[in-house]
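The values are calculated or read from the model by the stated rules, or taken from the named source; none is laboratory data. Since we're looking at a predicted model, the values are computed, not measured. Every residue, glycine among them, receives a Cβ derived from its backbone with ideal geometry; neighbour counts consider all protein chains shown.
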Ligand code: HDE
């Protein structure tokens, strides 16, 4: 056989001298000017060192690849198996590590390990998600957000698998597959993706009046949060706290963001999804990486049987809230996220939340949705993660001792030693035993009843709380709800479905119904749906409005600072310092990649080029331009769009130098109180930005 030398090594530049014999130590990383890092030798998964990771083994340089190349086979086979099924709902998610810290000793009410001692910290992992879209869908879609918290407690893992809305679409788990089928892409055409604006969803909703309270939330700005950091979380169901004496108290869980609530407006959402489909995950990543750790308070609504018996609605009904004004929230702890994952797949994708993961001191109620969930989650994890040993994965493994006789199965990694794999046994090293003192014992609730497929009468009022939600909103928020319903129904092709939805609305609010009927161009209000229980007027609850619960400060928000060449550096520095001093982030945008040249000839670096940084990705904007530089901005369509959108989205706007000309060119000629002259000092602008938007402009 002739000696066939490799004729061409793709990692070696054959044009340069001496290139044919020596292999570079770090092929293909593009870092020619960097010092080669000292990598360890690459191995196969079996540990053997790989000699060549560029070329498969061939019979002759131009011959067929040989099956014998085990390193190639292993590499490709592993690649072929890289995917696991995405979650059937909540497929797109983003997680982070942190801790929960008790700020109260709650041992009089519960044995729950994280709540026994003020100051006690429990490691936590949180995964936020959208519900309907697939793993690759955009972040800022109109949807419910998952807010799932895993606490690695001393007594085992406790998962609070919640959402950013405190109610749900359905009252019984039996309806969940129908709900999810209806909202996801339609089965024949495979679209729309990550959107409820289509016939199947609204067909289902129009036939399920129990969903209407949740529909109010889903059509509100809660469904388009500005970021995970600015949204609330809710356990939704009523759970139980149980103390050492076995006494049970009902509880509802609330997570309250320290930075206040904030949402985007719909037109922004649509544009953000194009400009940055990863807007929410980037926001969380940036905040945590920069040390600005997001934080939530854990609030509890705690109540007894007497309260439950006297409350106007059934506390087992997951389509109802208990207004905070009626039952105040008691803050008992805080949740801080301070570390991103090292590996997205290993942690965020493989984390397995299960509602049935509770610990002594926490227990379930008979909420039929919760009962169904307790069945579903374990099942889904076994399917998704390929077997019952998913608890061995580091992200799912409890941080307390785990001792049992469960054995074998796919991907068993623990391999317990010894002979005893059953119990009782009489072996000296006979393994663990159940402990009635410290083990989980269900609250011994009395239960009896006929075995029937039933829904309680106490679940029958479907409109009163939908009305409560709508009437608790500010006028701007009410308009957004009406606009959202109109938009969603505008995508529904079947007139009968649009009309059937509109027929429910007068039971919620006549004015809402009128706005939607008008927006849909219906000839008249369809005959209102006959409610099973006549809705009642409840006292409005301020806690339900986002705008009434804003932050009052710009902390944790982002200013987009658009500059032209020739600006005065001092003004740029003053504005930046004022915003950074308020705990905000300032990002500079320029017409050219790299930045602008200031009046003194120095470069001010820009993070973004204008084409990639529309104003929708910022909470407020400022434009500073010189007389010489403004022409470049005025000639730029994206720069004009930046200005026009900032105005239309009711943003606060700071102007410096000749910047006003950009707004004039964008058709924004008036200057309302949402505009600030930066040359008069940045402070009034910073203070105003604490209100987040100048709503008067659009009200
Ligand atoms: Fe879920 N839900 N769900 N859900 N859910 C899942 O579990 C289910 C419900 C929620 O970041 C699935 O791991 C049923 C309410 C979150 O990994 C699945 C019912 C609430 C997440 C499942 C509900 C939630 C899930 C899909 C009705 C708010 C994502 C993949 C009875 C309180 C967790 C998975 C994460 C995920 C079932 C209703 C929240 C199939 C049967 C109500 C945050 O098990």
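Taking segment 537-581 only, how many residues are in a helix (DSSP H, G or I) and farther than 22 Å from residue 618 by Cβ?
Total satisfying the criteria: 5.
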Does segment 208-225 include one or more residues that are within 28 Å of residue 615 (Cα to Cα) and assigned to a strand (DSSP E or B)? yes
Quick one: residue 535 ticks every box in (1) over 17 Å from residue 488 (Cβ atoms); (2) surrounded by fewer than 17 Cβ atoms within 10 Å (Cβ to Cβ) bar one, so which box is it? (2)
Restricting segment 231-247 to residues that are in contact with a helix residue (DSSP H, G or I) (Cβ under 9 Å, 6 or more places away or on another chain) and over 20 Å from residue 459 (Cβ atoms), the residue that is surrounded by the fewest Cβ atoms within 10 Å (Cβ to Cβ): 241
By residue number, the members of segment 444-476 that are surrounded by fewer than 22 Cβ atoms within 10 Å (Cβ to Cβ) and part of a helix (DSSP H, G or I) are 457, 458, 459, 464, 467, 471, 475, 476
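Does residue 501 fit the bill of being closer than 20 Å to residue 209 by Cα, at pLDDT 95 or above and not in a helix (DSSP H, G or I)?
no
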Residue hits (segment 163-180; surrounded by fewer than 23 Cβ atoms within 10 Å (Cβ to Cβ) and farther than 26 Å from residue 228 by Cα) are 172, 173, 174, 175, 177, 178
For residue 146, which of the numbered conditions (1) within 13 Å of the ligand (Cβ to nearest atom); (2) under 13 Å from the mean Cα position of the chain (by Cα); (3) not in a strand (DSSP E or B) fails to hold? (3)
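Would you check which residues across segment 87-104 are touching a strand residue (DSSP E or B) at 6+ places or on another chain (Cβ under 9 Å) and either more than 16 Å from the ligand (Cβ to nearest atom) or assigned to a loop (DSSP other than H, G, I, E, B) (or both) and list them?
Selection gives 87, 89, 90, 91, 92, 99, 100, 101, 102, 103, 104.
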Flag for residue 180 being assigned by TED's automatic domain parsing to the domain that holds residue 352, outside any loop (DSSP other than H, G, I, E, B), in contact with a helix residue (DSSP H, G or I) (Cβ under 8 Å, 6 or more places away or on another chain) and closer than 25 Å to residue 210 by Cα: no
Looking only at segment 191-207, decide whether some residue is modelled with pLDDT of 95 or more, within 24 Å of residue 295 (Cα to Cα), outside any loop (DSSP other than H, G, I, E, B) and away from the ligand (no atom under 16 Å from the Cβ). no
Kindly provide the set of residues from segment 342-359 that are within 23 Å of residue 284 (Cβ to Cβ) and surrounded by fewer than 18 Cβ atoms within 10 Å (Cβ to Cβ), ordered by number. 342, 343, 344, 345, 346
Check segment 113-124 and report whether any residue there is at pLDDT 95 or above, within 15 Å of the ligand (Cβ to nearest atom), buried (at least 22 other Cβ atoms within 10 Å of the Cβ) and closer than 30 Å to residue 266 by Cα. no
Taking only pairs six or more apart or across chains, which ones have beta-carbon atoms under 6 Å, a first residue in segment 368-386 that is more than 8 Å from the ligand (Cβ to nearest atom), and a second residue that is in a helix (DSSP H, G or I)? 382/388
Going by what's in this entry, would residue 137 be described as away from the ligand (no atom under 16 Å from the Cβ), assigned by TED's automatic domain parsing to the domain that holds residue 274 and at negative phi? no
Out of curiosity, is residue 308 more than 22 Å from residue 144 (Cβ to Cβ), touching a helix residue (DSSP H, G or I) at 6+ places or on another chain (Cβ under 8 Å) and not assigned by TED's automatic domain parsing to the domain that holds residue 583? no
Anything in segment 323-359 that is part of a loop (DSSP other than H, G, I, E, B) and more than 15 Å from the ligand (Cβ to nearest atom)? List them, or say none. 323, 324, 325, 326, 327, 328, 329, 342, 343, 359
Assuming residue 391 fulfils every condition listed in (1) away from the ligand (no atom under 13 Å from the Cβ); (2) part of a loop (DSSP other than H, G, I, E, B) apart from one, which condition is it? (2)
Consider only pairs whose beta carbons are under 7 Å apart and that are at least six residues apart or on different chains; among these, list those whose first residue lies in segment 79-105 and is closer than 19 Å to residue 117 by Cβ and whose second residue is within 9 Å of the ligand (Cβ to nearest atom). 98/126
Quick one: what pairs do we get from segment 441-461, first residue within 19 Å of residue 363 (Cβ to Cβ), second surrounded by 10 or more Cβ atoms within 10 Å (Cβ to Cβ), C-beta under 7 Å, 6+ apart or different chains? 442/363; 443/240; 443/242; 443/248; 443/363
Number of positions in segment 129-145 that are surrounded by 21 or more Cβ atoms within 10 Å (Cβ to Cβ) and farther than 22 Å from residue 480 by Cβ: 1
Given the structure, is residue 173 free of Cβ contacts under 8 Å to residues at least 24 places away in the same chain and within 14 Å of the ligand (Cβ to nearest atom)? no
Would you mind listing the helices (runs of 4 or more DSSP H) fully within segment 235-315 where at least 1 residues are within 16 Å of the ligand (Cβ to nearest atom)? 279-289
